[in-house]
Amino acid sequence: MHKIVSSLILSALAGSLALAFPTHAQTRAKATVQEAPLRAHMAFLSSDALEGRGTGQRGGELTVTYLETQAAAVGLKPGNGKSFRQPVKIAGVRSLPEKSNVGIVANGKAVPLQFGADWVWGPGDGKADHTLDAEMVFVGYGIVAPEEKWDDFKGMDVKGKVIVMMVNDPAPTAAEANRFNGAGLTYYGRWTYKLEEAARQGAAGVLLIHTDASASYGWSVVQNSWANAERFQLTEGKVGSGLQGWMTDDTARKVFAAGGQDLDKLRAAAEDKNFKPVALNARVKGEARAQVRTLEEFNVAGVVPGTDPKLKDEVVIYSAHWDHMGKQGTEGDTIFNGAVDNASGTGALLAMAAEAVKNPAKRSQMFLWVGAEEQGLLGSAAYVAAPLWPIAKTAANLNLDSLNWVGLVKDVSVPGSERTELGAMAATVAKSMGLVIAPSKPDLGGGYFRSDHFSFAKAGVPAFSVGAGSSWVKDVDANNAKAKTYRAKYHQVGDEYDPSWDLSGMVQQAQFTLNLGRAVADAPKMPTWKAGDPFGKARETAK
């Protein structure tokens, strides 16, 4: 873990003062993102002083204070009345298997299961205690998708039951090569959708079957999130089922077999839209206990008011999540500094805001720093549930998460923009900057559904995350190798700021985002979704 030193503090303060009191030379007709403040903000936000910006931790409180003071310093107007803060009510839950006796009984016999190694579970409704004696039902992928003419529940009432689901979504077939986006993953395949659908169906509980292939990560990732750490969930609005959890593939096979079912045969049957839920001759029985605490986190929002008498009532939102993993453990390096993820995006928004206030657009522009992204997009979900600006008057959301720390590029990545008119606008802006749009790739891992822009998309706002390009201007082999080193640092203590980093590509990425936002803010009308896109329906509802 790197130690914060006086030079770093001075650098951050110098950047702050420069933002608060711009000189005449710094004032430009065109909003030009500056590297110095971006670097200073990023260095400070990822320093040990902010302790990894953890949700529900002291470092998170310090981060919010820093952001609201910097937002005021650059000249943003408070986004929530007289305050830059938007409260987000959260429950922190930690399963207590040693104080619980919940288990699975199949065909009248207890199935031996070890918490952590075989399965994990916890409350999805923020309540500490649950007593269960619930029938288990296999519901295939657990998907209800009218546009695909797909319903895995077929009218079965699963209230009071524990439903078991596969993750991912049905594979394409020769006859239906494009069903559920073909090779790409749709939101129906994400585990977050599965939990949401279980709650909508009124299930008492939901267990997801994990495989490395379907989840795109190993069981240890599930263990770390569900068995070894505190998890967070919203306490207002829509809450989850009483019991939520995962089981390993081996565990699922064992449970299914004990109840007289063959998991592989049921998996094959679930690939057909005519599949119907199957009772497993098994029950979840016992008491599941958890430690629960309630807390208040904050989103931070600042606004540059628009100049057009009519269009100023509409807004373009730039967003980035300020949180990371905080402090964990008691020995060695305990701080997950999160320099790239996402001190980079957080600092970039501050640098962008400093320029935007000098040259307002026709529409208003909001700079929104959301919390608890690492806990399941909670801050952005809370914003959308209680927006500071009407959703129907929100033109677009451009999100920044884990920016380019390697070097200048010739391209920019805009995955998901093609779903809306933002795609064509992005191409025009890129061309004006001498950039090209990176070729689109099948979204095999469901990346579009894993960052804060997705909360806005679900509400009908055209939205995507601006990604780093990968076509390097120079030192191609060296930069490719350098970029690959981040894989080992992702969500690890090694994601630390290095003052030797070339941030020219990061500035480039921030400038593109600001330019695109400005184009949206000055356009005659708000962008729309492409015809037939499921998120476009939400936009129509919001009007």
Exactly one of 329, 306, 338 is surrounded by 24 or more Cβ atoms within 10 Å (Cβ to Cβ), small (Gly, Ala, Ser) and closer than 28 Å to residue 451 by Cα, and that one is 338
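Let's see how each residue does on (1) among the hydrophobic types (A, V, I, L, M, F, W, C); (2) out of contact with any strand residue (DSSP E or B) (no Cβ under 7 Å at 6 or more places or on another chain); (3) in a loop (DSSP other than H, G, I, E, B):
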| site | (1), (2), (3) |
| --- | --- |
| 223 | no, no, no |
| 229 | yes, yes, yes |
| 237 | no, yes, yes |
| 246 | yes, no, no |
| 253 | no, yes, no |
| 260 | no, no, yes |
| 265 | no, yes, no |
| 273 | no, no, yes |
| 280 | yes, no, no |
Write out, first by first residue and then by second, each pair whose Cβ atoms fall under 6 Å of each other, whose residues are 6+ apart or on separate chains, and whose first residue, in the range 258-269, is within 17 Å of residue 113 (Cβ to Cβ) and in the same structural domain as residue 170 (by the TED database) while the second is aliphatic (A, V, I, L, M) and assigned to a helix (DSSP H, G or I). 263/252
Answer yes or no: is there a residue in the range 243-264 that is surrounded by 21 or more Cβ atoms within 10 Å (Cβ to Cβ), at pLDDT below 95 and closer than 30 Å to residue 296 by Cβ. no
Every listed condition ((1) at positive phi; (2) assigned to a strand (DSSP E or B)) holds for residue 402 save (2)
When only residues in the range 168-192 that are farther than 26 Å from residue 375 by Cα and either in contact with a strand residue (DSSP E or B) (Cβ under 8 Å, 6 or more places away or on another chain) or in the same structural domain as residue 381 (by the TED database) (or both) count, which is surrounded by the most Cβ atoms within 10 Å (Cβ to Cβ)? 170
Quick one: would you say residue 337 is within 30 Å of residue 360 (Cβ to Cβ), assigned by the TED database to the domain that holds residue 45 and at pLDDT 95 or above? no
With surrounded by 20 or more Cβ atoms within 10 Å (Cβ to Cβ) and without any contact (Cβ under 8 Å) to a residue 60 or more places away in the chain as the only criterion, which of 413, 380 stands out? 413
Residue list for the range 84-134, restricted to those being in contact (Cβ under 8 Å) with a residue 12 or more places away in the chain and polar (S, T, N, Q): 86, 95, 100, 101, 107, 131
Take the residues of the range 199-221 that are touching a Gly at 6+ places or on another chain (Cβ under 7 Å) and either among the aromatic types (Phe, Trp, Tyr) or not in a loop (DSSP other than H, G, I, E, B) (or both): which is modelled with the lowest pLDDT? 212
When every residue in the range 23-42 that is assigned to a loop (DSSP other than H, G, I, E, B) and at pLDDT 95 or above is compared, the one surrounded by the most Cβ atoms within 10 Å (Cβ to Cβ) is 33
Could you check the range 81-104 and list, in sequence order, the residues that are polar (S, T, N, Q), over 21 Å from the mean Cα position of the chain (by Cα) and either crowded, with 17+ Cβ neighbours inside 10 Å or closer than 16 Å to residue 365 by Cβ (or both)? 95, 100
In the set 413, 417, the lone residue that is under 25 Å from residue 531 (Cβ atoms), of a type in the set (Gly, Ala, Ser) and in contact with a Phe, Trp or Tyr (Cβ under 9 Å, 6 or more places away or on another chain) is 417
Is there any pair with a first residue in the range 331-348 that is farther than 18 Å from residue 318 by Cβ and a second that is surrounded by fewer than 24 Cβ atoms within 10 Å (Cβ to Cβ) and β-branched (Val, Ile, Thr) whose Cβ atoms are under 7 Å apart and which are 6 or more apart or on different chains, and what are they? 333/493; 335/493; 336/493
Go through the range 397-429 and give me each residue that's more than 16 Å from the chain's Cα centre (by Cα) and among the polar types (S, T, N, Q). 404, 413, 417, 420, 428
Mind telling me which of the residues 74, 64, 102 ends up being outside the structural domain of residue 336 (by the TED database) and β-branched (Val, Ile, Thr)? 102
In this structure, is residue 431 over 28 Å from residue 385 (Cβ atoms), part of a helix (DSSP H, G or I), among the basic types (Lys, Arg) and touching a residue at least 60 places away in the same chain (Cβ under 8 Å)? no
Just name the residue that is farthest from residue 368 (Cα to Cα) out of those in the range 449-502 that are assigned to a loop (DSSP other than H, G, I, E, B) and of a type in the set (Val, Ile, Thr). 473
Under 6 Å between Cβ atoms, which residue pairs at least 6 apart in sequence (or on different chains) link something in the range 441-452 that is farther than 17 Å from residue 170 by Cβ and at pLDDT 85 or above with a partner that is outside any loop (DSSP other than H, G, I, E, B) and aromatic (Phe, Trp, Tyr)? none
Find all pairs meeting these conditions: Cβ atoms under 7 angstrom apart; at least six residues apart or on different chains; first residue within the range 519-543 and at pLDDT 95 or above; second residue surrounded by 17 or more Cβ atoms within 10 Å (Cβ to Cβ) and of a type in the set (Phe, Trp, Tyr). 529/535
Under 6 Å by Cβ, and 6 or more places apart or on different chains, what pairs join a residue from the range 179-193 that is in a loop (DSSP other than H, G, I, E, B) with one that is crowded, with 19+ Cβ neighbours inside 10 Å? 185/446; 186/169; 186/180; 190/446; 190/449
Complete set of residues in the range 425-452 that are surrounded by 13 or more Cβ atoms within 10 Å (Cβ to Cβ) and of a type in the set (Gly, Ala, Ser): 426, 427, 430, 438, 440, 445, 446, 447, 451
Check the range 481-494 and report whether any residue there is assigned by the TED database to the domain that holds residue 44 and either farther than 30 Å from residue 48 by Cβ or of a type in the set (Asp, Glu) (or both). no
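The values are calculated or read from the model by the stated rules, or taken from the named source; none is laboratory data. It should be emphasised that the depicted structure is a prediction, and the values quoted were computed from it without experimental measurement. Positions of Cβ are generated from backbone atoms using ideal geometry, with glycine treated the same way; all protein chains shown enter the neighbour counts.
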